[in-house]
1. If I filter the range 16-26 down to residues being within 14 Å of the chain's Cα centre (by Cα) and part of a helix (DSSP H, G or I), which single residue comes out as surrounded by the fewest Cβ atoms within 10 Å (Cβ to Cβ)?
2. Restricting to the range 27-49, count the residues that are in a loop (DSSP other than H, G, I, E, B) and polar (S, T, N, Q).
3. Check residue 9 against each of (1) charged (D, E, K, R); (2) free of Cβ contacts under 8 Å to residues at least 40 places away in the same chain; (3) touching a strand residue (DSSP E or B) at 6+ places or on another chain (Cβ under 8 Å) and name the one condition it does not meet.
4. Based on this model, can you work out whether residue 55 counts as modelled with pLDDT under 90, loosely packed, with under 13 Cβ neighbours inside 10 Å, among the small types (Gly, Ala, Ser) and more than 18 Å from residue 6 (Cα to Cα)?
Amino acid sequence: MIGFSLDTDLGILYLRPTPPLTSGDFEQLTQAVDPWIKDNGQLDALIIEAPEFPGWDSFGAMLSHFKFVLDHHKLIKKIAVVTDSEAGEVAENFAAHFVSAEIKHFPAGQRDAAKQWATLPR
């Protein structure tokens, strides 16, 4: 399941994934975010808060996740990953080679620091 909220004033999408992620999560997220992106061009930031990597409930869910990333990574300026999981370091160091957004890892509980970084000019 993905809990999410969109700060329309700042153009920041907040995600709070909990295990396991489903295909429906990404469909719901796409339906909520795509109209805003269409009207505004892109998101200024995506802030993901996850104590641990949530995993997927199926192979189809994993493919839906990858499709969401593929379809949206060029439409997001910055991605902040707020977690103590090793996935945060992987995202910052590895995923940065595959997505056009600037990625930064923050320790769990540092949502405010992530928001501050996300609102700095790129």
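1. Out of the qualifying residues, it is 26.
2. Here is the first cut: in the range 27-49, the residues in a loop (DSSP other than H, G, I, E, B) are 41-42.
Still in the running and polar (S, T, N, Q): 42.
The number of residues fulfilling the criteria is 1.
3. Here residue 9 clears every test but (3).
4. Judged against the criteria, residue 55 is a match.
The values are calculated or read from the model by the stated rules, or taken from the named source; none is laboratory data. Since the model is a prediction, treat every value here as computed from it, not as a measurement. Cβ sites come from the backbone with ideal geometry, for glycine too, and all protein chains shown count toward neighbours.
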